[in-house]
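Please treat every number below as a calculation from the coordinates, not as lab data. Since this is a predicted model, take the numbers as computed values, not measurements. All Cβ positions, even for glycine, are placed from backbone atoms using ideal geometry, and neighbour counts span all protein chains on display.
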Amino acid sequence: MTDKLPKVQLPAEYHVKLDFYWQSIAMYAITLISYVMIKAIWDSTLQQGLVNVVLTDPVVVLLGSFVLISTVSLIVNSVSRRSVLISDDAITYISRFHERSFNLSEIEKIVVGRERRTNVRGVLAVVRIYVRGRRRPLRLRPGLYENENQLVSALLSLRHPSLQS
């Protein structure tokens, strides 16, 4: 399993991907525009050069709220600039407003596997980091970060310090 993963030079910082938010905004906006155009054709007002959009139409309200919520989520996540910094002796969660570091001496074990509650595909769906003094493990989803294979490789190099060279 470690043969397929690339070798990583530590320290390395991995930022949260924002692609999902852009894609959802685009899809909801295209769906909203398509619905308005189909509704205008159906009401035959497009031939007259008018597009009547009824803002109280439930579908328009629903799709508009999806576009608005996705846009707000994109803005919040881009402002917070969340990332994970993996160094030789610590894992640090960084955002614009907060920074939390866990030293290697605090980490009991790092488990790479899949989530049991959901049906997530792929072996590397979740990484659980067990920290002394915490009831629940930290859960890190590599798929949410840029260079997910390198992130998993960096975490595995922390898990097996003897393999570092």
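Between L144 and A12, what is 0.36 nm times their sequence separation minus the Cα-Cα distance? Round to one decimal in nm.
Taking L144 through A12 to full extension adds about 45.9 nm, to one decimal.
May I ask for the net charge around L63, where only other residues with Cβ less than 12 Å from the Cβ of L63 are counted and Lys, Arg are +1 while Asp, Glu are -1? Cβ neighbours under 12 Å give a net charge of 0. Extension gain for M37-L62 works out to 7.4 nm (0.36 nm per residue, less the C-alpha to C-alpha distance). Annotation for S78 and Y93: the two label points, set 7 Å from Cα along the Cα-Cβ direction, are 2.4 nm apart.
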